[in-house]
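Everything on this sheet refers to the single structure shown next.
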Amino acid sequence: PNPNLEPTRTLTLAWQVGLAVRDGESPEGLQARVLGALEELRKRWGGEIVLVVAHSWVCKVAVASLIPEIGLRNMSAVPQRNCCVNVIDLEEDGFRVMAVDLVADNGGSAL
């Protein structure tokens, strides 16, 4: 086993059952923070093009939370490679995930 992957594996397992790790944030806490920030962006910049740069787990939580069929508990299933792009439309009444994990090598995954 790769010892460098252990912290990620621990976080993934803990978050799948809703636990925080080492005085960290729970998945629900991160979800509230991420969705709150997206809502503020939507209110202020809806209809505009907005660029948000974030760590992969923030992106996983955002995408999983905005797609009910995935949901927070399955956020680890959301693909997020280094430097990928996700496209989320900020609409008047909410959000629409248009594409996930876009990278130069394969064009990403449309949802």
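The values are calculated or read from the model by the stated rules, or taken from the named source; none is laboratory data. On a predicted model such as this, the values are computed, not experimentally measured, just so you know. Methodologically, a virtual Cβ is constructed for each residue, glycine included, from the backbone with ideal geometry; neighbour enumeration extends over all protein chains shown.
A compact table of results
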read-out	value
Every residue from segment 42-55 that is under 9 Å from the mean Cα position of the chain (by Cα) and surrounded by 16 or more Cβ atoms within 10 Å (Cβ to Cβ)	none
Yes/no for Val63 being assigned to a strand (DSSP E or B), surrounded by 13 or more Cβ atoms within 10 Å (Cβ to Cβ) and either in contact with a strand residue (DSSP E or B) (Cβ under 6 Å, 6 or more places away or on another chain) or basic (Lys, Arg) (or both)	no
Near pairs, Cβ below 6 angstrom, 6+ apart or cross-chain, from segment 41-56 (within 22 Å of Pro27 (Cβ to Cβ)) to any residue that is surrounded by 10 or more Cβ atoms within 10 Å (Cβ to Cβ)	Leu41/Val50; Arg42/Leu90; Ser56/Gln80
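So that you can scan it fast, the table gives a plain yes or no per residue for (1) part of a loop (DSSP other than H, G, I, E, B); (2) at pLDDT below 95:
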{"site": "Trp57", "(1), (2)": "no, yes"}
{"site": "Pro68", "(1), (2)": "yes, yes"}
{"site": "Leu90", "(1), (2)": "no, yes"}
{"site": "Val100", "(1), (2)": "no, no"}
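Rundown of residues vs (1) touching a Ser or Thr at 6+ places or on another chain (Cβ under 7 Å); (2) in a loop (DSSP other than H, G, I, E, B); (3) under 18 Å from Val97 (Cα atoms); (4) at pLDDT below 95, yes/no style:
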site: Thr10; (1), (2), (3), (4): no, no, no, yes
site: Leu35; (1), (2), (3), (4): yes, no, yes, no
site: Leu38; (1), (2), (3), (4): no, no, yes, no
site: Gly47; (1), (2), (3), (4): no, yes, yes, yes
site: Val50; (1), (2), (3), (4): no, yes, yes, yes
